[in-house]
1. Do we have B:ASN199 as farther than 30 Å from A:ALA301 by Cβ, over 24 Å from the mean Cα position of the chain (by Cα) and surrounded by 16 or more Cβ atoms within 10 Å (Cβ to Cβ) here?
2. Of A:ASN161, A:ASN153, which residue is out of contact with any Phe, Trp or Tyr (no Cβ under 6 Å at 6 or more places or on another chain), surrounded by fewer than 21 Cβ atoms within 10 Å (Cβ to Cβ), part of a loop (DSSP other than H, G, I, E, B) and assigned by TED's automatic domain parsing to the domain that holds A:ASN442?
3. Quick one: which of B:ILE140, B:ILE148 is at pLDDT 90 or above, within 14 Å of chain A (Cβ to nearest Cβ) and over 21 Å from B:GLU273 (Cβ atoms)?
4. Quick one: in the range B:25-76, of everything that is in contact (Cβ under 8 Å) with a residue 60 or more places away in the chain and open to solvent by less than 60 Å² (accessible area, probe 1.4 Å), which residue is farthest from the chain's Cα centre (by Cα)?
5. Suppose we keep only residues that are more than 9 Å from every other protein chain (Cβ to nearest Cβ) and aliphatic (A, V, I, L, M) within the range B:274-291. Which one would you say is most open to solvent (accessible area, probe 1.4 Å)?
6. Name the residue, out of A:GLU535, A:GLU484, A:GLU554, A:GLU491, that is modelled with pLDDT of 95 or more, open to solvent by 20 Å² or more (accessible area, probe 1.4 Å) and within 27 Å of A:LYS351 (Cβ to Cβ).
7. Quick check on my filter: what residues within the range A:253-275 are open to solvent by 30 Å² or more (accessible area, probe 1.4 Å), within 27 Å of the chain's Cα centre (by Cα) and within 15 Å of A:GLN560 (Cβ to Cβ)?
8. Within the range A:128-147, which residues are under 21 Å from A:PHE360 (Cα atoms) and either part of a loop (DSSP other than H, G, I, E, B) or within 14 Å of chain B (Cβ to nearest Cβ) (or both)?
Amino acid sequence: MAKKHWLSGLAIVMSASLVAGCGSDSGSNNETAGSTNNESTGGTKTEEQAEKPLEKATFTYFVGASGKKDRNTNETTIGKLLEDQTGVNFKMEYLVGDLNTKIGTMIASNEYPDVLVPDAAIDKVIDAGGFIDLTPYIEKYENLKFVFGPYLNQMKAADGNIYILPFSTVVGEYMPDPNINQGAWWVQRRVLKEAGYPQIKTMDEYFKLIEDFVAKHPEENLTGFLSLTHDWRFFATSNQPMHLAGYPNDGNVLVDMNTFEAKTYAANEDTKRWAQKMNEINSKGLFDKSSFVDNYDQYIAKLASHKVVGFFDYGWQINNAQLNLKDAAKKDATQDDFVYFPLPVTFDGGKDQYLDPPGFVKNRGVGVTVSAKDPDRIMAFFDTLLSEENQIMRSWGIQGETYEVDANGRFYRTEEQILKIDEAFREQFGFKYFDWDWPQYNTNSTLSDGNALSPGLQPEVFQMGLTAEDKTILDKYGVKTYSELFAAPDERPWFPAWGIPKEQGSPQQIWETKKDELTKKYIPKLILAEPGDFEAVWQEYLGEFGKLDTAGYEKWYTEQIKAVIDSLK
Amino acid sequence: METNTPSLRTAKATPKNPTGIRLFFKRLFQQKALVLMSVPFLIWLFIFKYVPIWGWSIAFQDFKPAKDFMDQTWVGLEHFRFLFQEEAFYRVLRNTLAMSAINLVLGFTTAITLAILLNELRQIVFKRVVQTISYLPYFISWVVAASIISTALSADGGIINELLLWLGVMKEPVLWLGVGEYFWGILGASEVWKNVGWNTIVYLAAMTMIDPAQYEAAEIDGAGRFQRIWNITLPGLKPVIVILLIMNVGNILETGFEPQYLLGNGMNVDYSENLDIFVLRYGISMGNFSLAIAAGMFKTVVSFILLFSANSIAKRLGEARLF
């Protein structure tokens, strides 16, 4: 309490000095403030804002994910253009260390950045009352209304307010991704080449392919199969049975398409069948035991080392390694052998569901916090950002500089432009900063003129980016894009089930923590066990697993999924 | 002057030498400069060490950060019950105690041994070099140290495995971090590698306080090098050792967090998970601050008991003690 008074005292002193400072250096201050007020009451017009020189403002923007350098948005080309339109700059800060610790500190002190992307900790911040209700702003601003209007019901939190602008609202038509960004069983291209490009559909075929290749190249000291297990990324290993059984990534449950019952699979027959196979692979010396102790960096390094023949993972997790391999292949065609190729493998070659159905992830997004100095200004910025021109700018860039338009109005990029847009350029231009973490049209959206919002999804750009070797291998499988190899996703309105919010410290969360602990402990044991001991370890695992309240967890999920379906009726 | 004036004024009421509360205030007055100097630190202590104890009330609530104190739901000992009924809690408690004990014993013996060896060195340059090398790892952050350790222990090309294979001790590389039983040993060795040099500093300082005349006398009496170490250096170090031991016993539930967190993985979790990681996983990660506080309280109480018993044992044995 005392702290709060002290802080508000400080805030008063500071704002007083701010006002005094502004007043002394420009007489137009009052006028500007007045016009901002008028605008906020009378709805916004982007042009109007651009005409009047707005007072510059800087807000803090914290992103609960790591991987980018902290930076002011106006230091990037896109951010500067947006600042010219709105007068708003954001000081972006990215996560260092543990997300929950960082968010926990914010909650405990009740001091937040102006804008917060809490990633997996959304429920915590909502629970703590850290976000303001955005409903009135969505009503007020037309672009916000346009993008989020159709999803308002789904965006509501338990108390009926809207705290989060999700990143996954599709605008226009749904544009499928030609690349594989989701789960797949990857294998080095040379393996397929040597084997004469066989159709690989079943788990047994996949591992046979790897086994044969490793046996044929004993001198290379190859690793047959690798798996990612580090920390929270463990799901890349524990999700494998779910996908083999022909389900998309719903998290911890398999949802029956007829009855909509949710069942966990962590200890079912699918997992056993998969573990048994992995155990066999290990006993043949094809499995890299270090999988269970390596961290994520070591894993990526191994994938880039040419030594790993196959692995299962999600495309977005291996991007770094795959891009390196592809870059090398672009410079030297013989290196193409080491690029990984995605395969839709299931237990018995049945229909796969690796591609995500159009989903609505409601537990990821961006919110404005209770500490925000001027929420209206921030929301006005978001509104400007969500205009179509600005969405084109943040994903395609500037016409003539980073993309071209042909006679038919189709967007494309020239070869030089594609070459120019490397990691350093993306950072400087701002593509890297605006590609996620902001209110946006979903990646799979289309523009009003039919162009894809994301350059990577525009068929012309995708084709342009393919090397001769890419085309060869796609030709061999009779497809034009990687995603054509995979079955079209079924419609799953609740998808993804892992996106259904859970209450803090609820039985569901405790179940998940305990289940994670168990699988982290027993999956290595199962895979590394002597084949003769497998059954005994499995029984031990079942015994431990039986102590969890799995029935309660499944019941909760079934109810939630049915509720989503009912809400759409 | 000290005895005259007050005794004149109060000769009737009090004996010559004041006792009890009167003595206390008298001494207080005599040492007023000292008292005044310590006031800021007392205030600091009060604000940062005593006021936060108020936060312990959270352990008895279903704490929700946004709500006011009065709006919290009180659940009594619910969180303690969860803690003590949780099977994993006893496992992490065992790990914490085991790792602490290992660190305590190894930390003391290696640091004292190294300090004595360094003290015996006559070559100043060599001594300085050894000392510098041995305390360099102390300045490496655990994040970096953990990745050095896991690289050294790696099954493909890690130096430990390569060395043992080359020596013919083993036939196959061992996944050191994948075997739970090895974890305590690995952690103990890592802690020694990281801290031994730093820990010797205090002993080396203590050794400089030993009167050189004692060594000369012993040498004249014909004491050998080991006899001198045994009869002069070690007894000279005893007060420092005892004090440090008492202080460390109080910290026995603080095994540190980083090395276990960074080196731990699914395969050694049965041995690597300690109390702090447990609290992180079930408390802070789930937003269950109440449970985290309950575990913290448990730690404090245990540390308190250990510290006081160690101190009173030292007192009974007539050794140096903390208070």
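The values are calculated or read from the model by the stated rules, or taken from the named source; none is laboratory data. Keep in mind it's a predicted model, so treat the numbers as computed, not measured. Quick reminder, even Gly has a Cβ in these numbers, built from the backbone with ideal geometry, and neighbours come from all protein chains shown. Only protein heavy atoms, including side chains, enter the accessible area calculation; ligands, DNA and RNA are left aside. Shrake-Rupley method; radii C 1.70, N 1.55, O 1.52, S 1.80 Å.
1. It is false that B:ASN199 is farther than 30 Å from A:ALA301 by Cβ, over 24 Å from the mean Cα position of the chain (by Cα) and surrounded by 16 or more Cβ atoms within 10 Å (Cβ to Cβ).
2. That would be A:ASN161, the only listed residue that is out of contact with any Phe, Trp or Tyr (no Cβ under 6 Å at 6 or more places or on another chain), surrounded by fewer than 21 Cβ atoms within 10 Å (Cβ to Cβ), part of a loop (DSSP other than H, G, I, E, B) and assigned by TED's automatic domain parsing to the domain that holds A:ASN442.
3. After applying the criteria, what remains is B:ILE148.
4. By that ranking, first place goes to B:VAL75.
5. It comes out as B:VAL279.
6. The unique qualifying residue is A:GLU554.
7. A:ASP256, A:PHE260, A:GLU261, A:LYS263
8. Correct list: A:PHE131, A:ASP133, A:LEU134.
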